[in-house]
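The next block holds one structure in the form of structure tokens; read it before the comments.
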Amino acid sequence: MNYRELTADEIKQLVQQGCSADDWTKVNVVADFSCAHLQNVKFTGHNRLGVFEKELSINDEIVVRSGIYNAWINNCTIENNVFIRNVRQYISNCTIESETIIQDIGVLETVGVTSFGNGERINVINESGSRCIPIYNELSAQLAYLLTSFRGRTQLVSVVESRIRDYSEKIKSDKGIVKFGSKIIGCNTIRNVFVGEKAQLENVLNLTEGSICSTSDAPTYIGNGCVCKHFIIQSGVSINNGALFSYCFIGQGGLFDKQFSAEHSAFFANCQGFHSEVCSVFAGPYTVTHHKSSLLIAGMFSFANAGSGANQSNHAYRTGPVHHGITERGLKLGSDSYLFFPARIGAFTMVTGRHYNHPDTSDFPFSFLIEKDGKTHLMPGVNFASIGTWRDVQKWQQRDRRNKIKIDKIHFDLLNPFLVGKMQRAKTAMESTKTIFGKAVVEAPSKRRAIEIYNFAEELFLLESLANRIEKHKQALEQNTNVGCGDWLDIVGMYCPVSVLEKLLCAIEKEEIKSLSEIEKTFDAIFNNYSDYAWAWVIDAFEKKYGKRPSQLSEKEITDYISHHKELETQYQQKLQLDAKKDQLD
């Protein structure tokens, strides 16, 4: 925009309207500027003003004329049709974009040079800082996983952290930005904060050193009494009613309310927090904690739900808080449950009771981990045909609060090569005479039942995969790629063959992949190729189980397998219905 100096008549009119400036030559305006809608404004430093000619809606009932009323403006650019009224202290070193509303605030300022929370290091999983993440605006759960899970690969960590530092340096500025159409109403202190498009800040207590990456199609809301310091908040997030964050990253679609508090933690897509407390946690997608007495500390979680009174310990009062826990997706911590870290808990496990012996049940998905006579007992597989497990998988997809641009990559498949591969290992282990697995007792009847359940789930997955390929065309039974055979990982939401991830890690270490965006594009490719990778795994598993590759099956064999799949699916639905009846009380 082109700016000019004020005319003598404009200065005279502004003075008559209660305005003042330490130097009127440093107040520049656009060509068709009008003084009519500036009253009681104090200007210091260099300021640039647009036009004030439109009406704006504060809410559904109140419409105001754009302009500046009762404010001290220092070194700011105020673009077209901004409404500013009743600034108790000042607005300093900021660019306020068009159609923004700012009313009844204390301070909105930028002090010195800041990167708006980018590059801040948060000590997730281990409070000692050995698994810290330098956060930035576009951080994904998958990239954060690399930084925390492969600390021993120092070249990998060095390269990624260097790229994040470069990103943070590029956006450093001595001017804050409030983007188009935002509303800042009734807030106290906002210092060194980037405010994204259409963000709404209402009665916020304190925001310091952070970025609010709001967008027009996924606006972010921060409300009554909230305090956020050293933070990144992505789009579509809602934070309200006294929630407190310090050194935190909050991913897309997060929902936090009712005095929730968190420190040195990362929350990825669609996490929720109410009442409870979180410290040094890597909260993968859909991690939820709702109860006043619950604590999540020093762990990696995803798709997890913490019941009332759920608690963990991360030190033994000798060497300090140096321990941590890793849980696979779908963990449920029952009311008053307790885990003494270090511990590792398998996917879709329900934990009840108190566990002091550091169990490792990571190869036993869909289990119950219970306390019995003071000991940790494992009941593998019994959670597979649970109506709760089935319901969770359905509701996660329905409760995705993100917009079209989804930063975290999330697969929702209940059965997949990662979990079925674990079931295969678990079956082999339980065919022995052992009764202790990962420091948990597995009684003989539980072993027999688990083998039966895991066999059922494996066959259901293999035949379901076959049926899905047949729906396309016969040629789909051929193997498109060898990639996908072997072990798999769940990278906090995205299923991925180990071999594929290793290729990515090596490319980063050798700096063949040179930017953060290239890393994310590679994650996108892995995510999008999931079905082909999974089919390669299925082909191998199918041949081992049935003696033939799918492409070698006759038409009759295919028909028989499809028919058997329908029978298995019917049995599975019957198991779910039977489990659901347990909730029908007399």
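Per-residue extension of 0.36 nm, minus the Cα-Cα distance of HIS37 and ASP217, leaves a gain of 61.7 nm for this segment. Qualifying GluC sites (Glu not before Pro) in region 1-106, where qualification requires a DSSP coil assignment and no more than 13 other C-beta atoms within 10 Å, comprise GLU61. Here the 3J(HN,Hα) profile of region 226-234, calculated from phi with Karplus coefficients 6.51, -1.76 and 1.60 at θ = phi - 60°, is 7, 10, 10, 10, 6, 8, 10, 10, 7 Hz, Gly and Pro shown as x. Applying the Karplus relation 6.51 cos²θ - 1.76 cosθ + 1.60 with θ = phi - 60° to region 318-323 yields 3J(HN,Hα) values of 10, 9, x, x, 9, 9 Hz, where x marks Gly and Pro.
Take each peptide in 317-326, 215-224, count the other Cβ atoms within 10 Å of every residue, and average; sorted highest first, the result is 215-224, 317-326. Ordering GLU478, GLU520 by the number of other Cβ atoms within 10 Å of each residue's own Cβ, fewest first, gives GLU478, GLU520. Going by neighbour counts of Cβ atoms within 10 Å, the residues LEU462, LEU369, LEU578, LEU516 line up, fewest first, as LEU578, LEU516, LEU462, LEU369. Can you compute the label reach from LYS258? Point 7 Å from Cα along the Cβ direction, backbone N cut-off under 19 Å, restricted to region 201-228. Taking a point 7 Å out along Cα→Cβ of LYS258, the residues of region 201-228 whose backbone N falls under 19 Å are 222-227. With the Cα gyration tensor of the chain giving a ≥ b ≥ c as the square roots of its eigenvalues, does the rule (a/c under 1.5 for rounded; else a/b larger than b/c for prolate; else oblate) give rounded, prolate or oblate? It comes out prolate by the Cα gyration axes. Pairs from the table (LYS332/LYS422; LYS375/LYS447; LYS372/LYS427; LYS54/LYS198; LYS42/LYS170) lying more than 25 angstrom apart at Cα are LYS42/LYS170.
The calculated FRET efficiency for the pair ASN70 and LYS544, based on their C-beta separation and a Förster distance of 56 Å, comes to about 0.15.
Note on the chain: antiparallel DSSP beta bridges, both residues inside, total approximately 15 percent of the bridges counted. Phi-derived couplings, Karplus 6.51 cos²θ - 1.76 cosθ + 1.60 at θ = phi - 60°, listed residue by residue for region 544-554: 5, 7, 10, x, 9, 7, x, 5, 8, 6, 7 Hz, with x used for Gly and Pro. Placing one equal scatterer on every Cα of region 405-580 and applying the Debye formula, the log10 ratio I(q)/I(0) at q = 0.08, 0.13 Å⁻¹ is -0.32, -0.79.
You can think of it this way: the chain between ARG4 and ASN188 has 62.9 nm of extra reach, that is 0.36 nm per residue less the Cα-Cα gap. Under the simplified labelling scheme, the ARG391-LYS566 pair shows an inter-label distance of 3.0 nm, with each label point 7 Å from Cα along Cα→Cβ. In terms of the mean number of neighbouring beta-carbon atoms within 10 Å, the peptides 258-267, 64-73, 15-24 order highest first as 258-267, 64-73, 15-24. Counted over region 1-109 with a bin width of 5 Å, the fraction of Cα pairs per bin, in whole percents, is 3, 13, 24, 29, 19, 8, 2, 1.
Read the figures in this text as sums done on the coordinates, not as results from a lab. What you see is a predicted model, and the numbers here were worked out from it, not measured in a lab. Backbone-built Cβ (ideal geometry, glycine too); neighbour counts: all protein chains shown.
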